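Heads up: the structure comes next, in structure tokens.
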Amino acid sequence: QVQLVESGGGLVQPGGSLRLSCAASGTNFAINHMAWHRQAPGKQRELVADWRSGGSTDYADSVKGRSTISRDDAKNTLYLQMNSLKPEDTAVYYCYLDVLFDGRLFEYWGQGTQVTVSS
């Protein structure tokens, strides 16, 4: 069974940095798409950064220029490096993965890791 485990969240001061990790296990087929989403209190979950097979990436306007999504294929791990953090970055960050198999899309979510940006 596919499992996603996030780590790296915590408390950081404004202007600080964090690197979030998402380790994927149980994947017997090629990963099509991985992404980071976040959900702040009272708000809907939103896309933060997107990685697709082939290495293409996209970012939400709110984090573009200060965040980098990357993937270590050997470790089957997705990363989100976040710099110049702002209080509005405070949220639970979730890892997302989907796989195409036999013409069907299978989607998976991690349990999330809390990021709090506060002075």
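Just so you know, all these numbers are worked out from the coordinates, no wet-lab data involved. If you're wondering where the values come from, they're calculated on a predicted model, not measured in any experiment. All Cβ positions, even for glycine, are placed from backbone atoms using ideal geometry, and neighbour counts span all protein chains on display.
For the range 80-88, 3J(HN,Hα) computed residue by residue from phi via the Karplus equation (6.51, -1.76, 1.60; θ = phi - 60°) reads 9, 8, 10, 10, 6, 5, 10, x, 6 Hz, glycine and proline entered as x.
Can you give the % of DSSP beta bridges in the chain that are antiparallel, to the nearest 5?
That works out to approximately 95 percent antiparallel.
If only the Cβ of Lys and Arg carry +1 and only the Cβ of Asp and Glu carry -1, the dipole of the chain around its Cα centre is close to 220 debye.
Descending by average beta-carbon neighbour count within 10 Å, the peptides 68-78, 100-110 line up as 68-78, 100-110, the highest first.
Relative intensity of the chain on a log10 scale, I(q)/I(0) at q = 0.14, 0.20 Å⁻¹, equals -0.55, -1.07, per a Debye sum over C-alpha point scatterers of equal strength in the absence of solvent.
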